[in-house]
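Undergrad: So that we are looking at the same thing, I have put the structure below in structure tokens.
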Amino acid sequence: MSAAFEFRLPDIGEGVAQGEVVKWHVKAGDPIQEDQPLVSVLTDKANVEIPSPRTGRIVTLHAKEGEVVKVGGLLVTIDATGPGGSSPSPSHGHALPAVAAAPASAPAPAAPAPAPGGGRVLAPPSVRHKAAQLGIDLAQVRGSGPQGRITEADLDLFSKGGARAAAPPAAPAPVSTSPSVSFAGAEAPSPTFSPVAIPPPPAVAASAASAHAGPLQERVPIRGVRRVIAERMAISHARAARFTYVEEVDVSELVRVRERSKKRLEEKGVQLSYLPFIVKAVVQGLKAHPGMNAYMDDARQEIVLCRYYHIGIAAAAPEGLIVPVVRDADRKSITTIAREIQDLSERGKAGKLTREELSGSTFTITSLGALGGVLATPVLNYPEVAILGVHKIVKRPVYAPDGSLVPAHLMNLSVSLDHRVLDGITGAEFLSVVKSHLEDPHQLFLEMV
Amino acid sequence: MTRGVDVLILGGGPGGYVAALRLSQLGRKPFLVEKDALGGECLNRGCIPSKALIHASETYDEVHRSGAEMGVPPPGPGLDVPAMQKWRASIIEKEQRGIETLFRASGVTWMRGSGRLTGPRSAVVEGPNVPGGREEVAFQACILATGAYHMSLPGFEPDGKAVLTAKDMLLLEKVPARLLILGGGVSGVELGEHYARLGSQVTIVELMPQLVPGMDADLSQELRRSLERRGMVVHTEAKASSLHRSPTGLQLSVSTKEGPMVLEGDLLFLTVGKRPETRALGLEVAGVALAERGGFVQVDDRMATSVAGIYAVGDLARPPMVAHKAYREGRIAAEVIAGLPSSWSHQAVPSVVYTDPELATVGLTLVQATEKGLTAREVKFPYAALGRAHAAHATGGFVKLVAEEGSGLVLGSHAAGHASGEFVSEVAFAIEMGATVRDLAGTIHPHPTFAELLQEVAMLWLGEPIHVARPIVSHAR
């Protein structure tokens, strides 16, 4: 006897509400063994491979690659062969067969579904009717009503967006919203930036694109890490009142200190960039201004001050920007931090970081490496309340106290903060602490653990 | 000669006749074939005639049981069963004429006969009313709506005399003194109670552990208590093994948990379930696939079968076997054939059992919600706390509300009590709208009505009850 088993996206970890189907390892009709890899799902910024909870045959894949499935949402129907099947009881008041409960072998037990109604699309019949008329898949529509209920206005909005997609964006405009860091050090040649496509004015799309649409344009779906970045950035931009403050730092002494230490660490296989020094200086700044080492709890309208120092390092990975986290940076030496950043960087590029390593930061540092620029307006790694942008080091003549011109290494730091909860003066004071530690790096050794 | 038709519909029940009317509305030309009478099982042998009789016996019962208390003493013993049958027949006739009138007004043509497929685009219609006794039909599209048939049981085959079907039971001109019922499903309890009201000694034998298997257990239990109070005898988990006919009546041998027993009766009503009417429909010839279970024709959400252009609706297509689901499916099939983007997108199909207490259910039970992985909570509000229930001499029963913790989304409601079938639609509406318990509680319900129960049970769910002192809560597991 066979039984159709409906497998839903399990709750993979804290706070994960949805995942994107990156790759199916099976197709409809395939036989499948219990624990055989079924599908790769991207949650937040980590890839998770989900094994099959059953042995049987794949009946239907309910999500396409690239599609986002909510926790509790239907992933796949498996015809589970074996004695488990039973004939359905007469159905009363419910047209659908009862859904099989998650078996003990599923990756995670059934947990309280975060989406109301277990991820069911909430739309009144009138909206369902209109969606059918317009050919809109309601699962793709974001509802603005209570509990995410979809309204007719949401459909109108969606269909306008759909119309824009029909006359798609022209060549992506390289607009850097959030600078990326190069782990190899501020001077290493690692040009990275985050291109974000901006739709052209509708008039352009309508007139120019209509005649020769095809070969002049390429449509790139927003998927995976790119989609996560897009959503995060939009949320950050929509919620936080961002204020950016820029300071110039004379890092001549730091350059000398690093030069001296670099070789010694290289023998131990550790590459020493400026970042570990900046991390330590930032920790000092955060200790002096605890309000900067915090995140917003919007739901409760509270600021959560953190008494630990987990520093996120925005980094370029093949799929896009990722933010691995150096945990408890206040309790680690510069060497340890250097080694850790190197390791996170290498594994980040290989896509081998875990969810834990990519989450939980209390403050974020972002750098453009060799292309460091003069200043930036870093977008907050929401819900964090502050972020530091690091720029390139340039050699310039400066006046010494005796009035003579001397060569100096100068670097700008840009700090963005959420002006809802932090005032500009806090950012300025924070940056002055960071500045003083970087201009006189020996202070860092006084704080050394 | 072959008749070329646009859309052939086999079956004139709720699925078929609605599809015909909707197709015609959309500018298509349906041709409907019905082997018996328009309206199908529902109108001719099911919901409508049984409700006509049940209404009559309820009226009789009410006056006899509580009329004196209310100042309306019964006018004597005069139960006139032939008049009751006449009343039933008049209802059916009116309803049939109604469908025929609608057909004429919409230009729907129909023919009496038996239709079956002869290929993916052809069928044949046979019968004494068909010119020449037989006609070949070629169609552009076809909707199969042949419904379901009542299953028989070896050794208990209906004979029209001692062993009766639901159809026979609706035509009785005499109230049987002792009525045995094999099957405690919907028609078993409905017609059983009807005859008990009219004076029969009724015994129900059900194989499963509860009456109306599949129904929320609380509702089923409430019904059983009420039937037993009325003097009916109910045996659950009981299996009939043989039937003996003797000059003194029928002896039904039954094995129960308590051991074997012999039940005496004058008539046996056999009602052990229905099967989709796929017999002699030519499905194999046309290549129409059956679903894996239950003998249904396999359909998708657009009611399309495995053969392009052939659709199936109603009892033939999938459970539950209820007319209102067939209505909707007939409509969907018609719209799909007419090229509209129509499909089944419903969250819940309500159902009603016409007993005292009336049982009405829609959406998920607490058990089903928990099986789905939802965190749900259920509360129960008694009829006895409702003013209207007292005024109507109907204080038995309760309404249960199942909703999701946190979101407060309404997931289901299950009621046993007077008029519950009338207000269950409000909960169906709430479910379709994605409404919350707060929405239900925040809607003013007129006082005094039975529908007020929903407002009360919603307030109870929220922990803000006014007309009960102590919340009655049951959590999943």
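Undergrad: Just tell me how shielded B:352-360 is by partners: mean number of partner chain Cβ atoms within 10 Å of each residue's Cβ, no decimals.
TA: Mean shielding by partner chains, rounded to a whole number: 1.
Undergrad: Where the only charges are on Cβ atoms (+1 Lys, Arg; -1 Asp, Glu), what is the dipole of the protein assembly as shown about its Cα centre, to the nearest 20 debye?
TA: 1300
Undergrad: Now for a separate question. Got the relative contact order for chain B handy, in percent, Cα pairs under 8 Å and 6 or more residues apart?
TA: Normalised by residue count, the contact order of chain B is 14 percent.
Undergrad: Using the structure shown, list the pairs from B:LYS257/B:LYS372; B:LYS35/B:LYS274; A:LYS70/A:LYS349; B:LYS51/B:LYS380 with a Cα-Cα distance above 23 Å, or answer none.
TA: On the way: B:LYS257/B:LYS372 33 Å; B:LYS35/B:LYS274 18 Å; A:LYS70/A:LYS349 27 Å; B:LYS51/B:LYS380 28 Å.
Over 23 Å Cα-Cα: B:LYS257/B:LYS372; A:LYS70/A:LYS349; B:LYS51/B:LYS380.
Undergrad: Report, by chain and number, residues whose modeled amide H sits under 5 Å from the one on A:LEU38, excluding near sequence neighbours (fewer than 5 apart, same chain).
TA: Residues meeting the criterion, in which the H sits 1.01 Å from N, are A:ILE50, A:SER52.
Undergrad: Please give the peptides A:125-131, A:379-385 ranked by average Cβ packing (other Cβ atoms within 10 Å per residue), highest first, as a rough proxy for protection.
TA: Highest-to-lowest ranking by the protection proxy: A:379-385, A:125-131.
Undergrad: In the protein assembly as shown, if the dipole is taken from +1 on Lys/Arg beta carbons and -1 on Asp/Glu beta carbons about the Cα centre, which of B:GLY119, B:ILE9, B:GLY199 is farthest to the positive end?
TA: Farthest towards the positive pole: B:GLY119.
Undergrad: Then there is this: Would you work out which of A:GLN217, B:ASN129, A:VAL21 lies farthest towards the positive end of the dipole of the protein assembly as shown? Charges go on Cβ: Lys and Arg +1, Asp and Glu -1.
TA: Farthest towards the positive end: A:GLN217.
Undergrad: Moving on. Quick one: which residues, 5 or more positions from A:VAL59 or on another chain, have an amide H under 5 Å from its amide H? H modelled 1.01 Å from N in the peptide plane, none for Pro or chain starts.
TA: A:GLY29, A:THR77, A:ILE78, A:ASP79
Undergrad: Sticking with this one: Taking the highest mean first, how do the peptides B:11-18, B:280-287, A:338-345, A:433-440 order by number of other beta carbon atoms within 10 angstrom per residue?
TA: Highest mean packing first, the order is B:11-18, A:338-345, A:433-440, B:280-287.
Undergrad: Once you charge only the Cβ atoms, +1 for Lys and Arg and -1 for Asp and Glu, what is the size of the charge dipole of the range A:226-446 about its Cα centre, to the nearest 20 debye?
TA: 620
Undergrad: Can you give the extra length, in nm with one decimal, that the chain gains between A:ILE303 and A:ARG327 once fully stretched, where that is 0.36 nm per residue apart less the Cα-Cα distance?
TA: Extending this stretch completely gives an extra 6.6 nm.
Undergrad: Evaluate E = 1/(1 + (r/R0)^6) for B:HIS467 and B:ARG279, where r is the Cβ-Cβ distance and R0 equals 51 Å; express this FRET efficiency to the nearest 0.05.
TA: Details: r = 53 Å, r/R0 = 1.04.
Computed FRET efficiency for B:HIS467 and B:ARG279: 0.45.
Undergrad: Please compute the average number of Cβ atoms from other chains found within 10 Å of each residue's Cβ in peptide B:365-371.
TA: 3
Undergrad: Taking 0.36 nm per residue of sequence separation and subtracting the Cα-Cα distance, how much length would be gained by fully extending the chain between B:MET261 and B:ARG302, in nm to one decimal?
TA: Length gained, B:MET261 through B:ARG302: 9.8 nm.
Undergrad: Neighbouring Cβ atoms within 10 Å as the yardstick, rank B:TRP110, B:TRP87 fewest first.
TA: B:TRP87, B:TRP110
Undergrad: Cut-off 17 Å, label point 7 angstrom out along Cα-to-Cβ of B:ALA83: give me the residues of the range B:147-180 whose amide nitrogen falls inside.
TA: The answer is B:173-175, whose backbone nitrogens lie closer than 17 Å to the label point.
Undergrad: Sticking with this one: Using a cut-off of 19 Å between alpha-carbon atoms, which lysines can reach B:LYS161, once sequence neighbours fewer than 8 places away in the same chain are excluded?
TA: Excluding near neighbours in sequence, the set is B:LYS174.
Undergrad: When DSSP assigns beta bridges and you keep just the ones with both residues in the range B:163-272, what percent turn out antiparallel, to the nearest 5?
TA: Around 50 percent antiparallel, to the nearest 5.
Undergrad: Can you give the relative contact order of the range A:342-449 as a percent, counting alpha carbon pairs under 8 Å and 6+ residues apart?
TA: For the range A:342-449, the relative contact order is 19 percent.
Undergrad: Related question: Order of B:227-233, B:434-440 by packing, highest average Cβ count within 10 Å first?
TA: Working: B:227-233: 15.0, B:434-440: 22.4.
The peptides rank, most packed first, as B:434-440, B:227-233.
Undergrad: Suppose every Lys and Arg Cβ carries +1 and every Asp and Glu Cβ carries -1, with no other charges. What dipole size does chain B come out with about its Cα centre, to the nearest 20 debye?
TA: Computed about the Cα centre, the dipole is about 760 debye.
Undergrad: Among B:THR271, B:THR2, A:THR377, what is the fewest-to-most ranking by other Cβ atoms within 10 Å?
TA: Ranking B:THR271, B:THR2, A:THR377 by Cβ neighbours within 10 Å, fewest first, gives B:THR2, A:THR377, B:THR271.
Undergrad: Classify the protein assembly as shown from the C-alpha gyration tensor, please: rounded if a/c falls under 1.5, else prolate or oblate depending on whether a/b exceeds b/c.
TA: Prolate is the answer for the protein assembly as shown, as a/c is 1.5 or above and a/b outweighs b/c.
Undergrad: May I ask you to list the lysines whose Cα is less than 29 Å away from that of A:LYS395, ignoring any residue fewer than eight positions away on the same chain?
TA: A:LYS262, A:LYS263, A:LYS280, A:LYS435
Undergrad: Of B:MET459, B:MET303, how do they rank once you tally other Cβ atoms within 10 Å and put the fewest first?
TA: Ranked by crowding around the Cβ, least crowded first: B:MET459, B:MET303.
Undergrad: Would you tell me the mean number of C-beta atoms belonging to other protein chains that fall within 10 Å of each C-beta in B:317-328, as a whole number?
TA: Per residue, the average neighbour count from other chains is 2.
Undergrad: Follow-up. Which shape class applies to the range B:163-272: rounded if a/c is under 1.5, otherwise prolate when a/b exceeds b/c and oblate if not, where a ≥ b ≥ c are the square roots of the Cα gyration tensor eigenvalues?
TA: The shape class here is oblate.
Undergrad: Could you tell me how far the Cα centroid of the range B:237-270 sits from the Cα centroid of the range B:303-379, in Å?
TA: If you average the Cα positions of each part, the centres end up 36 Å apart.
Undergrad: Once you order the gyration tensor axes a ≥ b ≥ c over the Cα atoms, which shape class does chain B get: rounded for a/c under 1.5, otherwise prolate or oblate by comparing a/b with b/c?
TA: Oblate.
Undergrad: Run the reach check for A:LYS268 against aspartates and glutamates, Cα to Cα strictly under 18 Å, same-chain hits fewer than 8 apart removed. What comes back?
TA: Partners found: A:GLU259, A:GLU340, A:ASP343, A:GLU346.
Undergrad: Cα centroids of the range B:385-442 and the range B:114-186: how far apart, whole angstrom?
TA: Distance between centres, Cα-based: 37 Å.
Each value in this text was obtained by applying a stated rule to the coordinates, not by laboratory testing. Please read all numbers here as calculations on a predicted model, not as lab measurements. With ideal geometry, Cβ positions are generated from the backbone for all residues, glycine too; neighbour counts draw on all protein chains shown.
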